[in-house]
1. Among the aspartates and glutamates, select those whose C-alpha is under 15 Å from the C-alpha of Lys157, and discard any that sit fewer than 8 residues away in the same chain.
2. Treating cross-link reach as a plain straight distance, find the aspartates and glutamates whose alpha-carbon is under 16 Å from the alpha-carbon of Lys145, omitting any fewer than eight places away in the same chain.
3. What residue among Gln122, Gln71, Gln163 shows peak mean-square fluctuation when the chain is described by a Gaussian network model with Cα springs under 10 Å?
4. With the cut-off at 1.5 for a/c, could you classify the range 128-181 from its C-alpha gyration tensor as rounded, prolate or oblate?
5. First select every other residue whose beta carbon is under 13 angstrom from the beta carbon of Phe125; then total the charges, Lys and Arg +1, Asp and Glu -1.
6. Read phi for every residue in the range 137-148 and hand back ³J(HN,Hα) as whole Hz from Karplus 6.51 cos²θ - 1.76 cosθ + 1.60, θ = phi - 60°, with x for Gly and Pro.
7. Based on Cβ point charges of +1 for Lys and Arg and -1 for Asp and Glu, what charge dipole magnitude is obtained for the chain about its Cα centre, in debye rounded to the nearest 20?
8. Find out how many positive minus negative residues lie around Ala179, taking Lys and Arg as positive, Asp and Glu as negative, among other residues whose Cβ is under 13 Å from that of Ala179.
Amino acid sequence: MHILIVENDTAVRRELREMLQHLGHTVAPAADSRDAVTVARQRACDLAILAGELPFGDGLHTAHKLVEAHQMPILLLLNSAADNWLADLSNLPIYGCLFQPVRLPALHVAISVAAERFGETQVLFSRVRELEEALETRKLIDRAKGKLIRMGMSEQKAFLSIQARARRTQKTMREVAHAILGD
């Protein structure tokens, strides 16, 4: 896995890099928010570990910018459970938290869980998009049927007409419905 580390403390960044490399990952380091977004755009990172406090933007702002630049799971690196971030975690596009000092087993588990949850979320988003598109297609076909019904066809004949035209022209029923509606 290619992992982006966004941490301005060089000692912490180095320690994380060593642990990640020990786990078999490749690492792309970044020292601040601006650098993080640049690195995320230049490299295909699979996951990001993001410090809560960064120069040129806080973790919330940086997390959102990273997700806009490249969809990936993000782990938030916090100094302690008492950090002010805990109240705002639901507003962040993150998949887990790590507390310093980071231990190798905790890092390994956090990465595994974040990657798995991210994969599940992506599958769900894809399914939602498919269902939304199917619903929009159905609405469009219903509107086209309505137009054909107003021209004197029965509902069944209108549907069969759209279906037959789609087969005949080798187009989707959605494309035929668009043509009937003049869209």
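1. Asp142
2. Correct list for Lys145: Glu136, Glu155, Glu175, Asp183.
3. Gln163
4. oblate
5. Details: positive: Arg117, Arg127, Arg129; negative: Glu120, Glu130, Glu132, Glu133.
Taking every Cβ under 13 Å from that of Phe125, the sum is -1.
6. Karplus-based 3J(HN,Hα) across the range 137-148 equals 5, 4, 4, 5, 5, 5, 5, 5, 4, x, 5, 5 Hz.
7. Using Cβ point charges on Lys, Arg, Asp and Glu, the chain gives about 1540 debye.
8. Here the charged neighbours net out to +4.
Bear in mind that the values in this text are calculations on the coordinates, not laboratory data. Given the structure is predicted, the values throughout are model-derived calculations rather than measurements. Glycine also receives a Cβ, built like all others from the backbone with ideal geometry; neighbour counts cover every protein chain displayed.
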